[in-house]
Amino acid sequence: MAHSKRRNYYRRGSGNSNNRRSFRGQEKKLDENLFIKKAKGRAVEKPFADGANFADYELVDQLKTNIAQHGYQNPTKIQNQVIPQVLAGKDIIGVANTGTGKTAAFLTGLINKAYLDHNQRVLIIVPTRELALQVGQEFNHLARSMNLAIATIIGGVNINRQINALKFAPNFIAGTPGRLKDLIKRKKIEPASFQNIVLDEVDRMVALGFIK
């Protein structure tokens, strides 16, 4: 799972009182109909049963092999709840404590999706360089031998190397807001080309002033 000192995936009211007031103001403007795909005329799906095994998921064989080789056997609660929903193509807001495997929770289903359709692209936005690197490391474990690639787009390193990496059109990009914004302005990244977006630790991004 993820091994950095991470806070909750989503947590309301991060930072000082001014940040909390600002964040609540943003929440009032959100319309869940814009980003939640609601099933119509279908029974509510139950969370994956406790004690499940990764082998129980409808994942391609190579991904199951990579998961087992990485030492994962039984999904955590957040993984039980998230992975089947990602595989079903649903939008999700996930909340879980530090160290419960949130990174693998969203990566597993998205790697499976991209492997089955190499036209799928995934943009993962994170608040810090350390978290972007962590996502990249987890991806490399889970996507081994699957002909998928990830580009880590962060500040403080040579931007030209990142531009060169983008020329190969990697299926996954994990990056911090500042560097991503820079490369979007340079037209090296086209947001409309991504079918899948992950906002990881969005509470920290709001607290750090990245909401815009």
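The values are calculated or read from the model by the stated rules, or taken from the named source; none is laboratory data. No experiment lies behind these values; they were computed from the predicted model shown. Glycine also receives a Cβ, built like all others from the backbone with ideal geometry; neighbour counts cover every protein chain displayed. Surface areas here come from the heavy atoms of the whole protein model, side chains and all, with no ligands, DNA or RNA. Shrake-Rupley method; radii C 1.70, N 1.55, O 1.52, S 1.80 Å.
How many percent of the accessible area of the stretch 149-212 is carbon or sulfur, using a 1.4 Å probe? Its accessible area is 54 percent carbon and sulfur atoms.
Say the cut-off is 31 Å between C-alpha atoms; which of Lys113/Lys188; Lys90/Lys187; Lys64/Lys212; Lys113/Lys167; Lys77/Lys167; Lys64/Lys185 go over it? In this structure, Lys64/Lys212; Lys77/Lys167; Lys64/Lys185 exceed 31 Å between Cα atoms. Whole-Hz Karplus values for the stretch 66-74 come out as 5, 4, 5, 5, 7, x, 8, 10, 10 Hz, taken residue by residue from phi with 6.51 cos²θ - 1.76 cosθ + 1.60 and θ = phi - 60°; glycine and proline positions read x.
In this calculation the C-beta distance from Val157 to His70 is compared with R0 = 30 Å, giving a FRET efficiency of 0.70. A compact globular protein would have a Cα radius of gyration near 2.2 N^0.38 Å; the ratio found for the stretch 147-187 is 1.07. Going by a ≥ b ≥ c, the root eigenvalues of the Cα gyration tensor, does the stretch 101-150 fall in the rounded group (a/c under 1.5), the prolate group (a/b larger than b/c) or the oblate group? Prolate is the answer for the stretch 101-150, as a/c is 1.5 or above and a/b outweighs b/c.
Using heavy atoms of the protein chains and a probe of 1.4 Å, the accessible area assigned to Asp203 is about 0 Å². Using a probe of 1.4 Å, the accessible surface attributed to Glu130 totals some 120 Å² when neighbouring protein chains are kept in position.
The overall shape of the stretch 94-212, judged from the alpha-carbon gyration tensor, is oblate: a/c is not under 1.5, and a/b is no greater than b/c. Once you order the gyration tensor axes a ≥ b ≥ c over the Cα atoms, which shape class does the stretch 41-163 get: rounded for a/c under 1.5, otherwise prolate or oblate by comparing a/b with b/c? Prolate, since a/c reaches 1.5 and a/b exceeds b/c.
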